[in-house]
1. When ASP50, ASP153 are ordered from fewest to most other Cβ atoms inside 10 Å of their Cβ, what list results?
2. Using the Cβ atoms and a cut-off under 11 Å, what net charge is assigned to the surroundings of LYS171, where Lys and Arg are +1 and Asp and Glu are -1?
3. Given THR170, MET17, GLY145, which one lies farthest toward the positive end of the charge dipole of the chain, if we put +1 on the Cβ of every Lys and Arg and -1 on the Cβ of every Asp and Glu?
4. Using only Cα atoms and rounding to the nearest 10 degrees, what angle (0 to 90) does helix 78-91 make with the longest principal axis of the chain?
5. Any idea what the relative contact order of the chain is, in percent, if you count C-alpha pairs under 8 Å spaced at least 6 apart?
6. Quick one: dipole size for the chain, taken about the Cα centre, charges +1 on Lys/Arg Cβ and -1 on Asp/Glu Cβ, in debye to the nearest 20.
7. Quick one: check the C-alpha center-to-center distance for the range 82-133 versus the range 160-184, whole angstrom.
8. Can you give the calculated 222 nm mean residue ellipticity of the chain, where each DSSP H run of n ≥ 4 adds -39,500 (n - 2.57) and the sum is split over every residue, rounded to the nearest 500 deg cm²/dmol?
Amino acid sequence: MPKNTTRPRHPIYQANMLNLILFGPPGAGKGTQSAKIIAKYNLIHLSTGDLLRSEIQEGTELGHRAKTLMDQGLLVPDEVVIGMIDHKLRDHRDAAGFIFDGFPRTVMQSEALDNLLARYDQSISVMIALVVEDEELLARLLNRGKSSGRPDDQNEELINKRIHEYNNKTKPVADYYQGQGKFVSIDGIGDIDSIFDEITKAIELHLKK
Ligand code: B4P
């Protein structure tokens, strides 16, 4: 039988996919702004926080392990979240693009994401970072904790621990994408619609490149 020399294209491949990372500390407005970006650009939303919370709700073993760490304000192991993202990428092979919300949170997760996307001839288009100072983060999360029932939003010490984890392990992710010339920073304080306008401008600028 003749050898097939054509490299099979994975069905996820599409030219001009828009793959965004929404970046920022806990409470910066990532989830809030993701909902608006998805509605405008028709992207698939991949929030590792949401994925982990649904594992917890379903009572899976993974959820059980994640809950122990999340309840302490700690990050869950890289391989767990990387595995979840890999599955979700496979589940959405005809997507116009993805918005990564709360992922990557470590440099190792960033490298893994680049490798996963490269498998499908894809890459990150741009990282958009929301900048918000710690006092405002604390106020927002405590406020959300009153209605959300999220245990990690109800305790000041725990929120400070999450911010500490962000400063130690997640902030270097910005340098990683800055090194690739893909980093844009936006003021995350102010009116939600005005912040969204700034995000849209950054995306449009990227699309024109
Ligand atoms: P996440 O679910 O990602 O939660 P988060 O960091 O708190 O951000 P979120 O997106 O929910 O909040 P938002 O800023 O939109 O993570 C939870 C935990 O899961 C982590 O601590 C970790 O343990 C684990 N985890 C998740 N991903 C992981 C990964 N990749 N690796 C390892 N562990 C991982 O909004 C916050 C509040 O601010 C809302 O109430 C909102 O209404 C308000 N708000 C938003 N914008 C505002 C504005 N402009 N003005 C005023 N209020 C605003």
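1. Numbers: ASP50 14, ASP153 20.
Least to most surrounded, the residues fall as ASP50, ASP153.
2. 0
3. Of THR170, MET17, GLY145, it is MET17.
4. Once rounded, one gets 50 degrees.
5. Here the relative contact order equals 30 percent.
6. With only Lys, Arg, Asp and Glu charged at Cβ, the dipole is about 860 debye.
7. With the range 82-133 and the range 160-184 each reduced to a Cα centre, they are spaced 15 Å.
8. -16000 deg cm²/dmol
Values in this text are rule-based calculations from the coordinates and carry no lab data. These figures come from a predicted structure and were not determined experimentally. Every residue, glycine among them, receives a Cβ derived from its backbone with ideal geometry; neighbour counts consider all protein chains shown.
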